[in-house]
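Reading through the structure tokens given below for one structure.
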Amino acid sequence: MMLSDAQVFESIRRERENNEWITGSIEQLRKSYGGRYVAVRDRRVVDNDRDFDALLARVRKLKDPESITIEFITAIEYLWML
């Protein structure tokens, strides 16, 4: 199935909003979900799990799974030095 330009842009917008929310909420997310994968929709955690495959399987069963962003939340903050 071919997506329209509007659908592609909407998908990109939702992904960006979810990622921005995750970045801005990372300290609280670490406290609640450190060491777990979180599934985020509309700037809200809708599911989480330590096992990515298990979480992905549940997300795929949800309505509109394309609107969900999955990210791993580290338990501690890492500093990368290049």
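A few remarks follow.
- When residues in region 5-50 are screened for being aliphatic (A, V, I, L, M), more than 10 Å from the chain's Cα centre (by Cα) and over 14 Å from residue 74 (Cβ atoms), 3 of them pass.
- Close pairs from region 11-26: first under 13 Å from residue 45 (Cβ atoms) and assigned to a helix (DSSP H, G or I), partner at pLDDT 95 or above and of a type in the set (S, T, N, Q), Cβ under 7 Å, at least 6 apart: 18/69
Results for (1) in a strand (DSSP E or B); (2) of a type outside the set (Phe, Trp, Tyr); (3) at pLDDT below 95, shown as yes or no for each residue.
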| residue | (1), (2), (3) |
| --- | --- |
| 37 | yes, no, no |
| 56 | no, yes, no |
| 63 | no, yes, yes |
| 76 | no, yes, yes |
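- Residue match in region 9-21 (condition: exposed (fewer than 12 other Cβ atoms within 10 Å of the Cβ) and on the phi > 0 side of the Ramachandran plot): no
- Some residue of region 42-62 being touching a Pro at 6+ places or on another chain (Cβ under 9 Å), among the β-branched types (Val, Ile, Thr) and at negative phi: yes
- Region 29-55 residues that are within 17 Å of residue 19 (Cβ to Cβ), paired with ones that are in a helix (DSSP H, G or I) and at pLDDT below 95 (beta carbon under 6 Å, 6 or more apart): 41/67
The values are calculated or read from the model by the stated rules, or taken from the named source; none is laboratory data. On a predicted model such as this, the values are computed, not experimentally measured, just so you know. As a convention, Cβ positions derive from the backbone with ideal geometry for all residues, glycine included, and neighbour counts pool all protein chains shown.
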